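Bear in mind that the values in this text are calculations on the coordinates, not laboratory data. In this text the structure is predicted, and so the values were computed from the model without any measurement. FYI the Cβ positions are ideal-geometry reconstructions off the backbone, even for glycines, and counts take in every protein chain you see.
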Amino acid sequence: MPIRNLMAVLAACCIVLPMNVLASLKLPETIKVNPAALNAEPMCDPKISPSWRKAQVIEGVKIEASEICSPDNPHLIAAAVKGTNNISMATLMETGLSPDTIIKTDDIDGDGDPDRIIIKLEVIELNGRTPDFEGVIPTFDIAPGIQPGAWVFAPKTSGMSTENFESIRANSLLRLPSPVIRVEVGDIVQIVLENTHYFPHTIHLHGVDHPFSHHEYGSGKQGNDGVTQTSEINLMPGERRVYEFQPRQAGTMFYHCHVQTHTHLAMGLAGMIIVEENRPNNWLQTLNVGGGHVRHPSVAVKEQYDIEYDLHYHAMDKELTSIIQKYNDPRLIAREMNRRYDLTDSSEDYYTLNGLSFPYTLRESMIVVEPDQKIKLRMLNSGGEFMAVHTHGHKATITHYDGIEQNPAARITRDVFDMAPAQRLDLLLNTTNDGLHSYGAGAWLFHDHREKGITTDGMSEGGSMSMIAYKSYLDDTGLPKVAHGIDLSVFFTKEYYERRLPIWQDLDEAGSLGAPGVRSGIDADTQETVTNLIIGFIIGLLIYTALARKQHIKGAAAAIVSKLKGSKGSKTNE
């Protein structure tokens, strides 16, 4: 067969074979993931008693009802209000706190509440590497199966860091975020930091009225600002330090570690500190562990609002948080964090509200309301980027920026609230159905409108999103009633955030957007390989032919050139 005929046949095969392969393929069956095969969690934490939701009185402290499915321990609230030194041993044993965690004494101004407050905090690692087994301890999930490494300030506790000897789950006091601290204008406050960690730390009272050093209190020249470059030396492991202040201005403030701030703050060593207005008989809930609903609000808040919520937004970089899951040698962790980790190349992967991501935010951080109420929202952004919180169905009014009250005539009402890193906003949420403040009852989302803020490690739905839920839209467990056949339980599975569950598989009976099975016939990868082999063979054959007939090709080329020259000469003679 002449070479050119062979080439024509091979070229035809190159075209026809892929067409035949395509024609032989059949669309695969849709594979449906059986919900029964998923590792589904209870949507409400089974370790939390439903009795905690009720309004009750403990140690003389009136505790408001909570409609959410995972409310705070009411005994813990009572201890935070009265002080661990002023409650019975039976109540203290229900909290897990140390007897000296919150000491309240001395009604200095004679108005019926204590004015000398001592708060003891420790530094705790969550989801860190252990040399004892493969895995991390103590565990704290921000969403199903999601366990970023973290550090937090935590109230001084008694007993174990885990729930019990058989569990590796952190006890309920050791969690993200660092606890909300509440004090009153004029209180003499001492925050005692006991460094139970392997790294140095400090506390900086961001926005809180405090002296630069302790000499104003007659206790020497010890620093009081938390900044190791100017105020004080590092607080080393095993040491303790007292931060003392007597605030003169009320407002929503911020506290955080100021040692290697670019990593320590991002790891979770940050919390809200709120200075309340001075009122008689103003027994405050000094700690709000986990933030959210303030079930014993201050006298000043109750004068103007029906409910109060603390909303602490934070974001974490997976690369940073994984360092403590790779090493348990402090020298190696210090090397990776202080010298090798580059914050300027980082990206945030986990977005939390009060330490949790959706769907766990539905357990603890829903804003539960009724019509015609005024709700106070205190918000903090301790992440490293700007955020834009959007409220569906409502427009709220900004009453305070960074703890400073705004002139009522200059207050802004809107539905998107920009917050810079470290910024705080106080909002008035009015549920009057007037088409402006509220559009009516419902289960309305509120979320960061940077779209990555509603993802968890890039997977949606997740992030810091939660809901403004009217009571009529909650079921008996305190979760939002689902509509249009949507099943929230799929979000309470590890498989969803492992990207193993097709999120649209149940949109129609045919499962047209479900997961495709294995193709019959030649699959696409094999088809591509065969096609590439044929094309490569043809190209190689062409090159071989060109080399084998090089002399013939050169002669033909010379003849063509000669002919062209002859044609040009004829035209010149004419």
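If you add up the charges near Val183, with Lys and Arg at +1 and Asp and Glu at -1, over every other residue whose beta carbon is less than 10 angstrom from its beta carbon, what do you get?
The answer is -3.
Short version: ³J(HN,Hα) in whole Hz for each residue of the range 350-356, in order, from phi by Karplus 6.51 cos²θ - 1.76 cosθ + 1.60 (θ = phi - 60°), x for Gly and Pro, what are they?
Taking θ as phi minus 60°, the curve returns 10, 10, 10, 10, 6, x, 10 Hz for the range 350-356.
Quick one: Cα convex hull volume of the range 441-504, Å³ per residue?
About 101 Å³ per residue, rounded to a whole number.
How far is helix 3-24 tilted, in degrees, relative to the longest principal axis of the Cα atoms in the chain, given as a value from 0 to 90 rounded to the nearest 10?
40
Count the net charge of all other residues whose Cβ sits under 14 Å from the Cβ of Ser172, scoring Lys and Arg as +1 and Asp and Glu as -1.
Here the count lands on -2.
Hey, rough spin-label estimate for Glu303 and Glu370, points 7 angstrom out along Cα→Cβ, what's it come to in nanometres?
So the label points at Glu303 and Glu370 sit 2.4 nm apart.
Compute the distribution of all C-alpha to C-alpha distances in the range 50-353, in bins of 10 Å from 0, and list the percent of pairs in each, rounded to whole numbers.
Here the calculated profile for the range 50-353 is 6, 27, 36, 23, 8, 0.
Relative to the longest principal axis of the C-alpha atoms of the chain, give the angle of the C-alpha long axis of helix 524-548, reported between 0 and 90° and rounded to the nearest 10°.
Helix 524-548 and the main axis of the chain meet at about 40 degrees.
Which one of Ala80, Leu436, Thr545 is farthest out on the positive end of the charge dipole of the chain, using unit charges on Cβ (Lys, Arg +1; Asp, Glu -1) and the Cα centre as origin?
Selected residue: Thr545.
Between Ser347 and Arg335, what is the spin-label point distance in nm, taking each point 7 Å from the Cα along the Cα→C-beta axis?
2.8
Below 8 Å between Cα atoms, with a sequence gap of 6+, how large is the relative contact order for the range 50-353 in percent?
18
Equivalent-ellipsoid semi-axes (√(5λ), Cα gyration tensor) for the chain, whole Å, largest first?
Taking √(5λ) for each Cα gyration eigenvalue gives 62, 30, 25 Å.
Would you grab the residues whose amide H sits under 5 Å from the one on Asp72? Only those 5+ places off in sequence or on another chain, please, with H modelled 1.01 Å from N.
Long-range HN contacts for Asp72: none found.
Placing +1 at every Lys and Arg Cβ and -1 at every Asp and Glu Cβ, with all other atoms neutral, what dipole size does the range 275-337 have around its Cα centre, in debye to the nearest 20?
Using Cβ point charges on Lys, Arg, Asp and Glu, the range 275-337 gives about 300 debye.
Taking a 32 Å limit on the Cα-Cα distance, which of the listed pairs Lys302/Lys452; Lys104/Lys302; Lys32/Lys54; Lys32/Lys471; Lys32/Lys481 fall beyond it?
The answer is Lys302/Lys452; Lys32/Lys54; Lys32/Lys471.
Using only the Cα atoms of the range 383-471, each taken as one equal point scatterer with no solvent, compute I(q) by the Debye sum, divide by I(0), and report log10 of the ratio at q = 0.11, 0.14, 0.24 Å⁻¹.
Log10 I(q)/I(0), no solvent term: -0.34, -0.55, -1.22.
If you filter the range 204-277 for trypsin sites (Lys or Arg not before Pro), then keep DSSP loop positions with at most 15 other Cβ within 10 Å, what is left?
Lys221, Arg248
By how many nm would the segment from Glu319 to His262 grow when fully extended, if each residue of separation counts as 0.36 nm and the alpha-carbon distance is taken off?
19.2 nm
Mind listing the long-range amide H neighbours of Gln373? Cut-off is under 5 Å, sequence gap 5 or more, other chains count too, H placed in the peptide plane at 1.01 Å from N.
Thr431, Thr432
May I ask you to evaluate 6.51 cos²θ - 1.76 cosθ + 1.60, the Karplus curve with θ = phi - 60°, for each residue of the range 174-182 and list the ³J(HN,Hα) values in order in whole Hz, giving x for glycine and proline?
Here the 3J(HN,Hα) series is 9, 6, 7, x, 4, x, 6, 10, 10 Hz.
Binning at 5 angstrom from zero up to the longest distance, how are the C-alpha pair distances of the range 274-421 distributed in percent?
Cα pair-distance distribution for the range 274-421, in percent: 2, 7, 14, 18, 17, 14, 10, 7, 6, 4, 1, 0.
How long are the three semi-axes of the equivalent ellipsoid for the range 162-248, computed from the Cα gyration tensor as the root of 5 times each eigenvalue, in whole Å, largest first?
Result for the range 162-248: semi-axes of 28, 17, 10 Å.
To the nearest 20 debye, what charge dipole does the range 359-485 have about its Cα centre, counting +1 at the Cβ of each Lys and Arg and -1 at the Cβ of each Asp and Glu?
Dipole about the Cα centre, nearest 20: 180 debye.
Pop out the ³J(HN,Hα) list for the range 98-110 in order, Karplus 6.51 cos²θ - 1.76 cosθ + 1.60 with θ = phi - 60°, rounded to Hz; leave Gly and Pro as x.
6, x, 10, 5, 10, 10, 10, 8, 6, 7, 5, 8, x
Calculate the tail of P(r) for the range 190-336: the fraction of all Cα-Cα distances greater than 24 Å, expressed in %.
Summing the P(r) of the range 190-336 above 24 Å gives 43 percent of all pairs.
For the range 424-518, which GluC sites (Glu not before Pro) pass both filters: DSSP loop (anything but H, G, I, E, B) and at most 15 other C-beta atoms within 10 Å?
Sparse-neighbourhood loop GluC sites (Glu not before Pro): Glu498, Glu509.
Would you work out the charge dipole size for the chain about its Cα centre, treating the Cβ of every Lys and Arg as +1 and the Cβ of every Asp and Glu as -1, and quote it to the nearest 20 debye?
In total the dipole reaches around 3380 debye.
Over the C-alpha atoms of the range 58-175, what are the Rg and the largest Cα-to-Cα span, Dmax, in Å?
Computed over the Cα atoms of the range 58-175, radius of gyration and Dmax are 16.7, 56 Å.
Show the residues, 5+ positions off or on another chain, whose built amide H is closer than 5 Å to the amide H of Ile58.
Ile63
Which of the listed residues, Phe212, Leu193, Leu126, is farthest toward the dipole's positive end in the range 50-353, when Lys, Arg count +1 and Asp, Glu count -1 at the beta-carbon?
Leu126
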